[in-house]
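Chemist: Have a look at this one.
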Amino acid sequence: MTLRVAVLGTGRIAELKLLPALANTSGAVLWSVLSRDAARATEIAKKHGARSPTPGHSDLEALLADDELDAVIIATPDKLHAKQAIAAARAGKHVLCEKPMTTSKEDADAMVEACRHAGVKLGVAFHLRWHAGLRKLHQAVAGGQLGELRHMRVQWSFQAPDAQNWRAGTDVGRWWGLAGVGTHCLDQILWFMEPHCGEVVEVKSMITRQFFGGPNDETALVNLRFANGATANLCSSVLFDAPTCFELYGTRGYAKGEGAVGITGEGRMWTNQGPWEFSPVDPYAGEIEDFAAAVRDDRAPEVDGEMGRKNTAILVDATA
């Protein structure tokens, strides 16, 4: 089965990462594209080889009415995710949603329930789970290489030139740095720590908004405590550019990385035993391949709606 996929949204990540990855993914093909501008949708669809006879749309209802369409990848602004995902589910289309899954616990619950009721898959696009080095490390940690986990730290920042980005406001977004990159840091923490340390039982944060003076986070420091007493913290920011980094500490060793948390699939990693070698792959292709396989094999995507809901809930609690 080859999954015929529509991409909703034609922003930076859709253009630079999702659409090229879809073109190089086995098991899925680009079928159509949605944009606010129908001409742009058609242009982008043709540029990336969309297979539908009518590949460009500005109306979601018309796109979803296509009986040959199997699934959608939602890459629109965050506050649009829930409405679009629920509409797709009701139309019988599987849903792979960009992060964060949505901007409220209530919308997250509604998305999960709509997809469950419709019998369609709901996945969330945390591409770092398919970074070759991080995935190899995750398997090593599961095998006990670092012993019992005690602490993890993840940092990802970028320097915004001004507050013109849609994530800086509240019309279609709720978080700025946390939605752009912090949600990925949080997913890495949950992915590595939760299977060994239990659920997050405490969330404490410090949020700054004073440099641009807008409503959303500029720098966010979020501390987590797990059920067994292990801890984690993340830093996301739009105020400075710095190498991304992670640190993972256990009773038998540690692992660190610089540049691995990012959008390229590359970076440098090492442990207390020396360099951590890996061959870079496209993590965006990995997440799409997993989603297509989940539909084909009738299983949950590796990052399902429940995990997306958990991530959203922690972001909500951290900024309450």
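Chemist: Can you tell me what percent of all Cα-Cα pairs in the chain are more than 26 Å apart? Before the final figure, lay out the partial values.
Modeler: Values: 23377 of 51040 pairs.
Of all Cα-Cα pairs in the chain, 46 percent lie more than 26 Å apart.
Chemist: Please sort 274-286, 185-197 by packing, taking for each peptide the average over its residues of neighbouring beta carbons within 10 angstrom, highest first.
Modeler: Ranked from most to least packed, the peptides come out as 185-197, 274-286.
Chemist: For a quick protection proxy, order the peptides 124-131, 142-149, 20-27, 68-75 by their average other-Cβ count within 10 Å, most packed first. Mind dumping the intermediate values first?
Modeler: On the way: 124-131: 25.2, 142-149: 14.6, 20-27: 16.4, 68-75: 22.4.
Put in order of decreasing packing, that is 124-131, 68-75, 20-27, 142-149.
Chemist: So what's the back-of-envelope 222 nm ellipticity for the chain, counting only DSSP H runs of four-plus at -39500 (n - 2.57) apiece and dividing by all residues, rounded to 500?
Modeler: Helix-only estimate at 222 nm: -9500 deg cm²/dmol.
Chemist: Now for a separate question. Just the number please: accessible area per residue for the stretch 111-198, 1.4 Å probe, all protein chains included, in Å². Let's see the in-between values first.
Modeler: Working: 3180 Å² over 88 residues.
That works out to 36 Å² for each residue.
Chemist: By how many nm would the segment from PHE158 to ASN223 lengthen if fully extended, with 0.36 nm per residue of separation less the alpha-carbon distance? Could the numbers behind the result be given before it?
Modeler: On the way: separation 65, 0.36 × 65 = 23.40 nm, distance 2.02 nm.
So the chain would gain 21.4 nm between PHE158 and ASN223.
Chemist: With just the Cα atoms defining each centre, how far is the stretch 190-205 from the stretch 153-167? Give it in Å.
Modeler: If we compute the Cα centre of each part, the gap is 25 Å.
Chemist: Round to a whole angstrom and tell me the spacing of the C-alpha centers of the stretch 264-320 and the stretch 1-39.
Modeler: 19
Chemist: Could you tell me, in Å, what Rg and Dmax come out for the Cα atoms of the stretch 187-249?
Modeler: Cα-based Rg and Dmax for the stretch 187-249 come out at 13.6, 40 Å.
Chemist: Another question about this same structure. For the stretch 27-172, report the convex hull volume of the alpha-carbon atoms normalised per residue, in Å³, without decimals.
Modeler: Working: hull volume 26.9 nm³, N = 146.
Given the Cα convex hull of the stretch 27-172, per-residue volume reads 184 Å³.
Chemist: Quick check: at a probe of 1.4 Å, how many percent of the accessible area of the stretch 170-320 sits on carbon and sulfur atoms?
Modeler: Details: 3010 of 6280 Å².
Reported share for carbon and sulfur atoms: 48 percent.
Chemist: Could I ask something else about it? Provide, for q = 0.09, 0.16 Å⁻¹, the log10 of I(q)/I(0) from a solvent-free Debye sum over equal Cα point scatterers in the stretch 158-286.
Modeler: -0.31, -0.92
Chemist: Next question. Using the alpha-carbon atoms, what tilt in degrees (0 to 90, nearest 10) does helix 183-197 show relative to the longest principal axis of the chain?
Modeler: For 183-197 against the chain, the angle is about 60 degrees.
Chemist: Where the only charges are on Cβ atoms (+1 Lys, Arg; -1 Asp, Glu), what is the dipole of the stretch 163-320 about its Cα centre, to the nearest 20 debye?
Modeler: Values: 12 positive and 22 negative charges, 113 e Å.
My answer is approximately 540 debye.
The values are calculated or read from the model by the stated rules, or taken from the named source; none is laboratory data. For clarity, every value in this text was computed on a predicted model and none was experimentally measured. Glycine gets a Cβ as well: all are built from the backbone with ideal geometry, and neighbour counts include every protein chain shown. Areas reflect the complete protein model, heavy atoms only, side chains present, ligands, DNA and RNA absent. Shrake-Rupley method; radii C 1.70, N 1.55, O 1.52, S 1.80 Å.
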